[in-house]
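Inspection log for the structure reproduced underneath, given as structure tokens.
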């Protein structure tokens, strides 16, 4: 008798779980988060310019590198016409730099937002204590816009993926 009750109780739960898995596999959006890191030599740099939205911290005394931790997120709840995932969305987000004599300017690109969600990028930068930091208000630009929208020679920072997970 007890086994029949257990079976009758469990069957609806298994059905609901199975339906959830099927619906998840049919979804065109796979939200997620990807963390990337980069390190740049700071030997001749005296000053950097970073966006106000970045988290800035001074690194340990004696450090001669600038470290970046970049978190890219896809949080989209609409119904796009093609598959979306953090794996396919992350390459359209990143960090660019512009170098001059003893100064480096940083910007980020690729975040977008709609009523249905979007992508975002958060950057944390660790800078040697001897380097002056200027914080400026600026917007993220789309990947295809950054060569035209920003003056001068900007190059994309090369990063290594350290973690990718589904949300």
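In square nanometres, what is one fourth of the surface area of the convex hull spanned by the alpha carbons of the range 34-103? The partial results should precede the final answer.
Numbers: hull surface 25.3 nm².
Hull-based average projected area comes out at 6.3 nm².
Efficiency by 1/(1 + (r/R0)^6): what FRET value for residue 163 and residue 56, r their Cβ-Cβ distance, R0 = 25 Å, to the nearest 0.05? Display every interim value, and only then the final one.
Working: r = 22 Å, r/R0 = 0.88.
Using R0 = 25 Å, I get an efficiency of 0.70.
When the gyration tensor of the range 49-140 is built from Cα positions, what are the square roots of 5 times its three eigenvalues, in whole Å, from largest to smallest?
Rounded to whole Å, the semi-axes are 31, 13, 11.
Sorting 75, 132 on the 10 Å Cβ count, fewest up front, what's the list? Display every interim value, and only then the final one.
Working: 75 16, 132 12.
The fewest-first ordering by Cβ neighbours comes to 132, 75.
Multiply the residue gap between residue 139 and residue 44 by 0.36 nm, knock off their C-alpha separation, and tell me the result in nm, one decimal place.
Using 0.36 nm per residue and subtracting the Cα-Cα distance, I get 31.4 nm.
Take peptides 97-108, 154-165 and line them up by average Cβ neighbours within 10 Å, highest first, as a rough protection proxy. List each step's numbers first, then the result.
Values: 97-108: 17.2, 154-165: 12.8.
Per-residue Cβ counts within 10 Å, averaged per peptide and sorted highest first, yield 97-108, 154-165.
No value in this document is a laboratory result; all are computed from the given coordinates. As the structure is a prediction and not an experimental result, all values here were calculated from the model. Here Cβ is always computed from backbone atoms with ideal geometry, including for glycine, and neighbour counts include all displayed protein chains.
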